[in-house]
Amino acid sequence: MLKVTTEEGVRVLTLARPDRLNALEPGLLRGLRKALREAAREEGVRAVLLTGEGRAFSAGQDLEAVPADRDYLRVLDDYIPVIEALFALEKPTVAAVNGVAAGAGMSLALACDLRVMAEGAFFSPAFVRVGLVPDAGMSYFLPRLVGLARALDWCYRSPRIGPEEALTAGLVSAVFPQEGFFASALAFAKELGRGPTRAYALTKRALWRNLEADLADALAYEAESQAAAGATEDHAEGLRAFLEKRPPGFRGR
Ligand code: T3D
């Protein structure tokens, strides 16, 4: 099941099948899809934190729920809407990787904007261990986040990628001690939740889009994005706050 709570503007989505290390099955994925739609709609939600209950973030696809006659062309049917919804969400998304994030569990974390991890947690592409290819977005996100050479190496060998390696590779923004990990991850997300939400959304879109653009196109898109950001209340508030020498009170508008 998925647990959904809200803490000061942060929608916390907790994968909660701890006895199966939060392995992913269709019901959980449908719950996640619905919760992401709601988070997108609700104005009071300013950031999303995705985490796991117990000692894992997620061990990936529930391997016990794979029928012998599975149609592998359809295996991603439950994943695609979730990955697309995470990527499309116009609010900061953070994966709080509290324990192992393997296979499609790692893919979920990759589809978030940012990741923080606990000391003792690890990522593992895992697909190769069951003779499969990276899916649920991993083949898209991983090389873009850490580079093609590292992505290939990790996907071939499926090592345990711990905090030090993840930080060095830029895969995570921060590593927090296991004790108090959730509170630290929540504080990280709350900070983003107090930010200029529209500017974040426009930034995310521009950075991803301009990976594929030429310079002239990227510059034109930046100008368009700046026109949209410049029209927000948060931009006006940011300017006022600077001139009045006080912290800004962004409202996400
Ligand atoms: O078919 C498709 O849908 C294609 C898509 C595939 C996407 C994928 O995600 S492929 C990759 C799937 N994930 C894995 O291969 C990881 C499998 N799990 C592990 O390698 C290990 O469990 C871990 C390294 C993650 C953790 O090891 P450890 O020793 O800390 O725990 P454990 O004892 O192995 O696991 C605890 C329980 O969770 C255990 O059940 P039990 O014996 O207590 O009844 C174990 O079977 C269960 N569990 C762990 N991972 C999964 C799982 N049950 C179902 N599915 C799992 N993925």
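Observations
- Within the stretch 147-185, the residues that satisfy the criterion of being more than 18 Å from the chain's Cα centre (by Cα) and among the hydroxyl-bearing types (Ser, Thr, Tyr) are TYR156, SER158, THR168.
- Considering each residue of the stretch 3-12 in turn, at least one proves to be more than 15 Å from the ligand (Cβ to nearest atom), among the acidic types (Asp, Glu) and not in a helix (DSSP H, G or I).
- Picking from residues in the stretch 99-141 that are near the ligand (Cβ under 7 Å from one of its atoms) and in contact with an Asp or Glu (Cβ under 9 Å, 6 or more places away or on another chain), the one that is farthest from ALA201 (Cα to Cα) is PHE127.
FYI, it's all coordinate maths here, none of it is from the lab. Being a predicted model, the structure only gives us computed values, none of them experimental. With ideal geometry, Cβ positions are generated from the backbone for all residues, glycine too; neighbour counts draw on all protein chains shown.
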